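Heads up, the thing below is written out as structure tokens.
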Amino acid sequence: MLEPNKPGNNANPITPASYGLWPIHFGRCVMIGLVVLVCSWPAGTAEAEKKEGPPVPKTRKNNLSPLPEGVQAAISHGPYEDGDCSLCHKNKDRKDPGPITGSINELCLGCHEDFQKVMARKSSHVAAKESCVNCHNPHNAKQSKLLVEEANALCLSCHESIRNLVATAKVKHAALTMDAKCANCHNPHGANVEHLLTSLPFDLCVNCHGKDGVKDQDGKVLTNMTKLIADNPELHGPVAAKDCSACHTPHGGDNFRLLTLEYPPQFYSSYEPKLYALCFDCHEDSILKDAQTTTLTRFRNGSTNLHYLHVNKVERGRTCRACHEVHASKQKHQIRDGVPYGAKGWVLKINFTQTPTGGSCAKTCHETRGYVNSAAVPEAKKADAEPATSP
Amino acid sequence: MRRRIVLVIGCVLWTVVASAFANAKIGDRIENVEMPMIGRGKHHLLGDSNVNVFIFIKPGLEHSRTALLQIVRCEKEMAGKSVHWSAVVSDRIATAEVEREVKETGLAMPVLVDAGDALYAKLGVALHPVVGIADKDHKLVAYQPFSKVNYAEVIRARIRHALGELTEKELEHALNPPEATQGGDASVALRYFKLAEKQFQAGNHEKALENIKKSLDKNAGLADAHVLRGNILAAQGNSSEALKAYTQALALDPANTNALKGKSACQHETR
């Protein structure tokens with residue numbers, strides 16, 4: 001029996017000796033291939049790949065003629081401005097330039113040579129590779145960069161799902177409408193990061209969210225992430241991986257703070273698994289489901305699951321943010337120093353101390369309480385730790 | 001200044017990313033446990049390949065689904081390499097749900113069932129999806145949680161690094177790709193140079209000279225632009241200015257054969 005995933009498992013290798021019979025083999029292979037393909041194509045795979053893959057490229061039907069006389073152009077292409085029609089067309093005559101002398105991209109990249117390297121990057125734009133005139137008018141245009149349409153409208157004319165999201169999102173992201181708009185984050189020709197991102201998400205986000213005074217659509221001042229991270233070395237995994245998009249949807253969404261999935265916006269919340277969908281997309285939800293455990297979490301006193309104890313309440317259940325700073329903290333496990341309490345911004349200290357066998361929180365929401373999670377601790381030490389009851 | 005701050009933060013981030021499972025650090029030996037397999041029989045977590053990849057998944061969650069689709073791609077692309085693949089699911093997940101996920105993602109590797117979350121607890125797995133990579137001696141060499149961007153690229157790079165196909169520097173390049181810059185004066189200079197070259201070929205010396213000036217205004221260090229300026233001036237019969245242009249080109253690129261030829265022709269002309 002062939003073992004899966006082992007090299008050399010090709011049971012019927014094509015050898016030079018079999019080439020002489022290729023027409024018979026070929027016909028038979030096509031028939032067998034078609035039958036196998038039809039019979040074995042997993043129903044879900046096509047749909048899954050469709051969701052994963054890039055948007056289907058559409059060749060736009062742009063009017064590539066020069067702007068009519070009297071219409072003010074924002075920019076003219078050098079050769080057109082100079083009347084050098086024959087650089088691209090058969091004739092020099094502006095009134096009768098004739099057909100172009102090569103393929104569109106060959107002509108463009110003949111002068112715009114640097115774009116060959118840009119478009120050869122790992123993430124490249126299908127529309128650009130297909131034809132430069134999908135987006136640019138080679139003569140003149142009312143838009144900068146010789147774009148045939150306003151930049152956002154141009155991008156969204158093909159990227160329909162983003163267009164729909166932007167139109168319907170309850171929470172908007174200003175990055176889509178300010179400065180270079182889509183090009184704030186994407187390079188429309190080619191990039192080294194997926195989705196044509198010019199850098200990893202974090203490096204893009206801090207261009208705005210690394211400043212003081214940035215506000216959300218409701219006027220609430222947002223955290224300066226550069227400052228936060230400089231002062232707090234323990235980073236949440238996605239932050240460390242520069243992957244803000246693991247939790248935030250950059251094009252707009254329905255959850256507060258552009259969160260990709262649900263998370264309780266309030267400090268206290270009754271426990272509902274679906275309210276924590278954001279956290280549980282990566283973290284194990286059973287840490288809040290099982291009252292007793294010796295494997296799911298180290299935040300337990302013996303087998304008493306303290307995550308369960310804090311969060312799993314009908315009223316005034318503590319949300320993750322009660323104890324964890326989701327982006328970065330001074331303490332490990334994103335344990336925060338304190339919790340903002342009341343309208344005046346007073347910070348109630350948590351005073352968490354980690355010990356080799358567990359930890360304790362002192363003079364905080366509750367009196368000082370410790371926990372022991374290690375079975376290897378001598379009994380004398382275990383007795384020192386006051387068991388947690390109710391936080 | 002801001003770029004420097006970002007770079008410093010980048011370095012901090014990089015050191016943090018190189019973490020591991022709570023109970024298994026990089027370099028620790030991973031026990032090659034035998035586990036029940038979805039569908040049939042039993043299978044070992046690791047194999048005797050040069051690299052062993054194991055992924056903890058949780059069917060039904062978006063990140064797990066996204067990760068699996070990309071892992072499937074990686075597995076296909078790396079077929080033929082000495083890589084052993086396995087996926088691990090908690091026995092809390094219903095078999096039917098796992099089977100559906102396997103079918104819908106096209107996952108071909110064995111899917112092992114972690115009874116009582118024993119492996120989760122032993123390694124200290126706190127996240128899903130998360131990938132562990134062990135070498136042929138079953139020592140953990142890489143730990144990679146999910147990321148929404150560049151995930152397949154990172155997984156591929158980590159495996160290729162473990163196989164010895166990528167250097168540290170190449171791995172770092174994959175984990176922290178350089179900013180995708182574009183344009184700038186150098187690009188614009190090149191563009192004007194190319195336009196001037198075409199205009200010169202078409203016999204439009206005036207326009208060609210105009211555009212080569214624009215090119216050199218943007219990047220005076222472009223030796224080929226000086227050469228072209230020399231060629232245009234020479235074609236216009238201005239040998240003394242052409243000679244100066246070739247000399248400038250040779251100051252930038254002493255081995256430039258076109259500049260040497262042009263200079264020699266000009267010197268012959270002016271004698």
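The values are calculated or read from the model by the stated rules, or taken from the named source; none is laboratory data. Everything numeric in this text was worked out from a predicted model, so none of it was measured. Cβ placement follows ideal geometry from the backbone for every residue including glycine, while neighbour counts extend to all protein chains displayed. Keep in mind that these areas ignore ligands, DNA and RNA; they rest on the heavy atoms of the full protein, side chains included. Shrake-Rupley method; radii C 1.70, N 1.55, O 1.52, S 1.80 Å.
Hey, can you tell me all the residues within the range A:341-391 that are at pLDDT below 50, hydrophobic (A, V, I, L, M, F, W, C), surrounded by fewer than 18 Cβ atoms within 10 Å (Cβ to Cβ) and assigned to a loop (DSSP other than H, G, I, E, B)?
Answer for the range A:341-391, where residues must be at pLDDT below 50, hydrophobic (A, V, I, L, M, F, W, C), surrounded by fewer than 18 Cβ atoms within 10 Å (Cβ to Cβ) and assigned to a loop (DSSP other than H, G, I, E, B): A:Ala376, A:Val377.
So which of B:Ala180, B:Ala186, B:Ala196 is open to solvent by 60 Å² or more (accessible area, probe 1.4 Å), within 30 Å of A:Pro79 (Cβ to Cβ) and among the aliphatic types (A, V, I, L, M)?
It is B:Ala186.
Could you say whether any residue in the range A:292-299 is exposed (fewer than 13 other Cβ atoms within 10 Å of the Cβ) and either modelled with pLDDT of 90 or more or in contact with a Lys or Arg (Cβ under 7 Å, 6 or more places away or on another chain) (or both)?
Yes: one or more hits.
Name the pairs: first residue in the range B:221-249 and in the same structural domain as B:Gln201 (by TED's automatic domain parsing), second residue in a loop (DSSP other than H, G, I, E, B) and modelled with pLDDT of 95 or more, Cβ to Cβ under 8 Å, at least 6 apart or on different chains?
Within 8 Å, the pairs are B:Ala223/B:Asp253; B:Ala223/B:Asn256; B:Asp224/B:Asn256; B:Ala225/B:Asn219; B:Val227/B:Asn256; B:Ala249/B:Asn256.
Find all pairs meeting these conditions: Cβ atoms under 9 angstrom apart; at least six residues apart or on different chains; first residue within the range B:92-104 and within 12 Å of B:Met37 (Cβ to Cβ) and more than 14 Å from chain A (Cβ to nearest Cβ); second residue open to solvent by 60 Å² or more (accessible area, probe 1.4 Å) and of a type outside the set (A, V, I, L, M, F, W, C).
B:Thr95/B:Gly39
Could you go through the range B:77-99 and let me know if any residue there is closer than 30 Å to A:Phe202 by Cβ, crowded, with 21+ Cβ neighbours inside 10 Å and among the small types (Gly, Ala, Ser).
yes
Considering each of A:Leu261, A:Leu204 in turn, give the residue that is in a loop (DSSP other than H, G, I, E, B) and under 16 Å from the mean Cα position of the chain (by Cα).
Exactly one of A:Leu261, A:Leu204 is in a loop (DSSP other than H, G, I, E, B) and under 16 Å from the mean Cα position of the chain (by Cα), namely A:Leu261.
Answer yes or no as to whether B:Val16 is touching a strand residue (DSSP E or B) at 6+ places or on another chain (Cβ under 6 Å), at pLDDT below 95 and in a helix (DSSP H, G or I).
Against the criterion (touching a strand residue (DSSP E or B) at 6+ places or on another chain (Cβ under 6 Å), at pLDDT below 95 and in a helix (DSSP H, G or I)), B:Val16 qualifies.
Do you know which residues across the range B:64-91 are more than 8 Å from chain A (Cβ to nearest Cβ), under 24 Å from A:Ala246 (Cβ atoms) and hydrophobic (A, V, I, L, M, F, W, C)?
Matches in the range B:64-91: B:Ala67, B:Leu68, B:Ile71, B:Val72, B:Cys74, B:Ala87, B:Val88, B:Val89.
Scan the range A:264-281 for residues that are within 14 Å of A:Arg318 (Cα to Cα) and either of a type in the set (Lys, Arg) or part of a loop (DSSP other than H, G, I, E, B) (or both) and jot them down.
Result: A:Pro264, A:Pro265, A:Gln266, A:Phe267, A:Ser269, A:Ser270, A:Tyr271, A:Glu272.
With the requirement that a residue be more than 11 Å from chain A (Cβ to nearest Cβ) and part of a helix (DSSP H, G or I), what does the range B:158-184 give you?
Listed by number, the residues that qualify are B:Arg158, B:Ile159, B:Arg160, B:His161, B:Ala162, B:Glu168, B:Lys169, B:Glu170, B:Leu171, B:Glu172.
Determine if the range A:279-287 includes at least one residue that is within 26 Å of A:Pro233 (Cα to Cα), more than 30 Å from the chain's Cα centre (by Cα) and either within 14 Å of another protein chain (Cβ to nearest Cβ) or open to solvent by 30 Å² or more (accessible area, probe 1.4 Å) (or both).
no
May I ask you to list the residues in the range B:47-91 that are in contact (Cβ under 8 Å) with a residue 40 or more places away in the chain and in a loop (DSSP other than H, G, I, E, B)?
Passing the criteria: B:Asp48, B:Ser49, B:Asn50, B:Ile57, B:Lys58, B:Pro59, B:Gly60, B:Leu61, B:Met78, B:Lys81, B:Ser82.
Give the residue that is farthest from A:Ile335 (Cα to Cα), with candidates limited to residues of the range A:286-319 that are part of a helix (DSSP H, G or I) and out of contact with any Cys (no Cβ under 8 Å at 6 or more places or on another chain).
Selected residue: A:Ser286.
Checking the conditions here, which among A:Leu200, A:Leu196 is within 13 Å of another protein chain (Cβ to nearest Cβ) and open to solvent by less than 20 Å² (accessible area, probe 1.4 Å)?
Step by step, each of A:Leu200, A:Leu196 is checked, and only A:Leu200 is within 13 Å of another protein chain (Cβ to nearest Cβ) and open to solvent by less than 20 Å² (accessible area, probe 1.4 Å).
Just to be sure I understand the filter: pairs with C-beta atoms under 9 Å, separated by 6 or more residues or on different chains, first member in the range A:106-124 and more than 7 Å from chain B (Cβ to nearest Cβ), second member aromatic (Phe, Trp, Tyr). Which pairs pass?
Listed pairs, sorted by first residue: A:Cys108/A:Phe115; A:Leu109/A:Phe115.
Quick check on the range A:43-74: of everything there that is at pLDDT 90 or above and surrounded by 15 or more Cβ atoms within 10 Å (Cβ to Cβ), which residue is nearest to B:Gln201 (Cα to Cα)?
A:Pro66
Among the candidates B:Gly27, B:Gly60, B:Gly10, single out the residue that is at pLDDT below 95 and at positive phi.
B:Gly60
From B:Leu233, B:Leu252, B:Leu243, B:Leu222, which residue is open to solvent by 30 Å² or more (accessible area, probe 1.4 Å) and over 42 Å from the mean Cα position of the chain (by Cα)?
B:Leu243
Could you list, in sequence order, the residues of the range B:115-138 that are in a strand (DSSP E or B), surrounded by 21 or more Cβ atoms within 10 Å (Cβ to Cβ) and facing chain A (nearest Cβ under 9 Å)?
B:Val130
Within the range A:232-266, how many residues are more than 18 Å from B:Pro177 (Cα to Cα), within 13 Å of another protein chain (Cβ to nearest Cβ) and among the charged types (D, E, K, R)?
2
With respect to B:Val141, is the statement that it is among the aliphatic types (A, V, I, L, M), within 31 Å of the chain's Cα centre (by Cα) and open to solvent by 30 Å² or more (accessible area, probe 1.4 Å) true?
Considered against the rule, which asks whether it is among the aliphatic types (A, V, I, L, M), within 31 Å of the chain's Cα centre (by Cα) and open to solvent by 30 Å² or more (accessible area, probe 1.4 Å), B:Val141 comes out as yes.
Taking the conditions exactly as written (under 20 Å from the mean Cα position of the chain (by Cα) and without any contact (Cβ under 8 Å) to a residue 60 or more places away in the chain), does A:Asp254 satisfy them or not?
no
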